[in-house]
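Colleague: This is the structure I want to talk about, given as structure tokens.
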Amino acid sequence: MQTYILRRVLNLIPVLFLISLGVFVLLRLVPADLAEIHAGLYGTEQDIEQLREQFGLDKPMLVTLAWPWEGEFAWPWEGKFWHTQYFEWLGSALQGDLGESAFPNKPQGVTAELLDRLPVTAELLILTLIFTIAFGIPIGIISAVWQNSPVDYLMRGGSILGLSVPAFWLATLVILIPSLIWSYAPPLGYVAFFDDPWANLRQFVPPALILSAGSAAVVMRLARSSLLEVLRNDYIRTARAKGLRERTVLFRHALKNSLIPVLTILSLQVATLLGGTVIIELVFDLRGIGLLTFLAILQRDYPVVQGVALYIAFIFVIVNLTVDIAYAWLDPRIRYG
């Protein structure tokens, strides 16, 4: 197990490098660069060139290798090779500095901006996971135990409804209906939990419930089908033949093994939610990482987009590693060489 974990941690380096390189290049292939956006409609060529120099866009993007007849030829081991946009940004990122935003209304660095918005996204993630697990897994178990009964049909119909209804539509109803009927609206603007727990929960519980509707439906259907498959195995029939109570068979022998695919789905939900949910954050005025990413892409704010992409990639890799380790705990038959 230790060898496997070490190998996965080492694999983290090339994965993050390739992702950072891909995001860096793709951003600069989008028509219209950052200098032109800042210069505006009345910006002159001189203004654009000054802005390009200010943002470091006048430097080569990846390499400084030039044809011999066009100028000096630089080899990779020469210092000049590393004075490019990508390698200068990468060198700062390795030191924990993801750069500065290109817009004056964001005076703090990208790293500080991510750390400021992380509590919002993290709390939304935790509440969403709690609701997803609390609704999805128990309902999936009930549906599997009473297979093809009216309860099973009701649960499966509810899961289809949860998968079909868009989150933004539910969010609109959650805001409009209480406002029109009871003159109530959830508070806007982030309130820290330890500053005012009640106001914080009033703000975060509705969006968390909305986000968990689709996730709980997926978990419910997967938990049901996985549990039904496990209940048909030989060792379950053997446990029943030994006279064990149905509750013991279900919770001690069947449920643990059936949760492996459910854990995979939950891990994907964790990584996705940590990346942010743009529409829900926009509707409920939650200034999390998703909204930050959306605005940065619209404004061609290269440092912010690059920093967020690197952060999301890191989260995905860490979550996948954690889930792989949890597999061995859930099913002792799984071993990593």
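The values are calculated or read from the model by the stated rules, or taken from the named source; none is laboratory data. Because the structure is a prediction, the values reported are computed rather than measured. A quick note on method: Cβ atoms are made from the backbone with ideal geometry, for glycine too, and the neighbour counts reach across all protein chains shown.
Colleague: Tally up the residues in the range 210-248 that are crowded, with 17+ Cβ neighbours inside 10 Å, farther than 18 Å from GLY136 by Cα and small (Gly, Ala, Ser), please.
Modeller: Residues in the range 210-248 being crowded, with 17+ Cβ neighbours inside 10 Å, farther than 18 Å from GLY136 by Cα and small (Gly, Ala, Ser): 1 in total.
Colleague: Something else: Between residues in the range 111-131 that are farther than 15 Å from LEU286 by Cα and residues that are small (Gly, Ala, Ser) and part of a helix (DSSP H, G or I), which pairs lie under 6 Å by C-beta distance while being six or more apart or on different chains?
Modeller: Final answer for the pair search is PHE131/ALA208; PHE131/SER212.
Quick grid of which residues meet (1) surrounded by fewer than 23 Cβ atoms within 10 Å (Cβ to Cβ); (2) closer than 26 Å to ILE318 by Cα:
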{"residue": "ARG202", "(1), (2)": "yes, no"}
{"residue": "LEU250", "(1), (2)": "yes, no"}
{"residue": "ILE260", "(1), (2)": "yes, yes"}
{"residue": "ILE280", "(1), (2)": "no, yes"}
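Colleague: Identify the residue in the range 220-263 that is of a type in the set (S, T, N, Q) and modelled with pLDDT of 80 or more and, among all such residues, is farthest from THR128 (Cα to Cα). Quick ask: steps written out before the conclusion?
Modeller: Our first condition is that a residue be of a type in the set (S, T, N, Q); within the range 220-263, this holds for 225-226, 233, 238, 248, 257-258.
Applying the additional criterion that residues be modelled with pLDDT of 80 or more yields 225-226, 233, 238, 248, 258.
Values: SER225: 22, SER226: 22, ASN233: 33, THR238: 38, THR248: 29, SER258: 22 Å.
Applying the filter and picking the extreme gives THR238.
Colleague: Does LEU129 fit the bill of being assigned to a helix (DSSP H, G or I), among the aliphatic types (A, V, I, L, M) and at pLDDT below 85?
Modeller: On the way: assigned to a helix (DSSP H, G or I): yes; among the aliphatic types (A, V, I, L, M): yes; at pLDDT below 85: no.
So LEU129 does not fit the description; no.
Colleague: Another question, then. Just a yes or no: is a residue in the range 129-139 surrounded by fewer than 16 Cβ atoms within 10 Å (Cβ to Cβ) and among the hydrophobic types (A, V, I, L, M, F, W, C)? Lay out the reasoning, then the answer.
Modeller: Residues of the range 129-139 that are surrounded by fewer than 16 Cβ atoms within 10 Å (Cβ to Cβ), as a first pass: 130, 134, 138.
So of that shortlist, the ones also among the hydrophobic types (A, V, I, L, M, F, W, C) come out as 130, 134.
Yes, some residue in the range 129-139 is surrounded by fewer than 16 Cβ atoms within 10 Å (Cβ to Cβ) and among the hydrophobic types (A, V, I, L, M, F, W, C).
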